[in-house]
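Below: the structure, in structure tokens.
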Amino acid sequence: MTATDPVATLPIPDQPTVRTALRLAGRAPSIHNTQPWRWVFDGRRLHLYADPDRVLPAADPRGRQQLISCGAVLHHARTAFALAGWHTDTERLPDPHRPDHLADIDFRPWPDPPAGVPRRARAIGERYSDRLPMLPPPDFDATARALRGLAGPHHVESDVLPEEARARLAEISEQAAEAHRDDLFYQRELNWWTGHSDVVEGVPEAALVSAEEASRTGVARAFPAAAHSARRSELTDAARLVVLSCASEGHAEWLRTGEALSAVLLECAASGLSTCALTHLTEPGIGRRMIAAMLPHPAQPEVVIRIGIAPDDTRPIPTPRRPLDDYLEIRTMPTGTP
């Protein structure tokens, strides 16, 4: 390839734009806030990889939750680039011999993305995981329709569970916690990633809930309990429960589930709603089968999302993130390099 080759002169975002977009994308949710992704920008294309040093063999033995996390950062990145005026043409799982190579992105100018895209991009910094009891979201039928429309392009279904499913999900959640209670490998891994202060990864102490608060939430991942507190003491959780599911299971479906999850969470944040995504309920086979039986169609459930309203005075502080240079590598291509 020469410097005059048309491909070499295609417009691409400059390095400051790449850095700004990926710093924003780094706010994506991930299992235990492990942020298990790695980006490489080669001067023309952007490449996403799963980070093998951030797997959770006890909590995530199949790597499913890691790929959902990476799908979320992929969608966050595409949304952030759209805010900067760039369309992202994405090839998923481009190399069958490199399962950690999750996506390649090419760019073209996009001066007028649909209004909802920059709206959701601006909500990236507002989104957080709310593990406390929530108020019910208003006019949720309209919200549910919007969420189905956002999940559908990723080949993911979004279904609202009826209120009577809450007790069953709480039971599944408790069974999942009980299965790990005496598992020293799982507990050691969990304690490594949670409950610390002044960290840039993991779930910090300030983001944990007390046993009393957890008892009023019901459907939640079991983290180490925080010191006793009774925030939102007047509330028993009334968040709506939404399930994201796919027709089949595999790496491609898990990645797309993460993208759909990102779109759903950002739409909720842009609409003033609080959310908490739960992937542990669908990790054990029995939990997956139980939740599948609650759906109105055959599917493989992947994520349960609590969606509600948080009183303004008890909104959790967003969890910290790693510095950009920890997960971004920029390779400058010499002139004339193909």
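The values are calculated or read from the model by the stated rules, or taken from the named source; none is laboratory data. Just so it is clear, the structure is predicted and the values come from calculations on it, not from any experiment. No Cβ is skipped: glycine too gets one built from the backbone with ideal geometry, and neighbour counts run over all protein chains shown.
The single condition among (1) part of a helix (DSSP H, G or I); (2) in contact (Cβ under 8 Å) with a residue 24 or more places away in the chain; (3) more than 18 Å from the chain's Cα centre (by Cα); (4) surrounded by fewer than 21 Cβ atoms within 10 Å (Cβ to Cβ) that Arg23 does not meet is (3). Any chance the range 264-272 includes a residue that's closer than 26 Å to Glu91 by Cβ, touching a residue at least 12 places away in the same chain (Cβ under 8 Å) and out of contact with any strand residue (DSSP E or B) (no Cβ under 7 Å at 6 or more places or on another chain)? There is at least one residue in the range 264-272 that is closer than 26 Å to Glu91 by Cβ, touching a residue at least 12 places away in the same chain (Cβ under 8 Å) and out of contact with any strand residue (DSSP E or B) (no Cβ under 7 Å at 6 or more places or on another chain).
Would you check if Ala252 is assigned to a helix (DSSP H, G or I) and not β-branched (Val, Ile, Thr)? In short, yes.
Residues are listed down the side, and each one gets a yes or a no for (1) more than 20 Å from Arg54 (Cβ to Cβ); (2) surrounded by fewer than 19 Cβ atoms within 10 Å (Cβ to Cβ); (3) not charged (D, E, K, R):
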residue	(1), (2), (3)
Ala179	yes, yes, yes
Leu184	yes, yes, yes
His196	no, yes, yes
Ala206	yes, yes, yes
Val209	yes, no, yes
Ser215	yes, yes, yes
Phe223	no, no, yes
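Do we have any residue at all in the range 151-159 that's of a type in the set (D, E, K, R), under 21 Å from the mean Cα position of the chain (by Cα) and in a strand (DSSP E or B)? For the range 151-159, residues of a type in the set (D, E, K, R), under 21 Å from the mean Cα position of the chain (by Cα) and in a strand (DSSP E or B): present.
Hey, could you check the range 259-290 for residues that are in a helix (DSSP H, G or I) and of a type in the set (S, T, N, Q) and say which is farthest from Val73 (Cα to Cα)?
Ranking the qualifying residues of the range 259-290, first place goes to Thr282.
With respect to being in the same structural domain as Val40 (by TED's automatic domain parsing), of a type outside the set (Asp, Glu) and in contact with a helix residue (DSSP H, G or I) (Cβ under 6 Å, 6 or more places away or on another chain), Ala115 falls outside the description.
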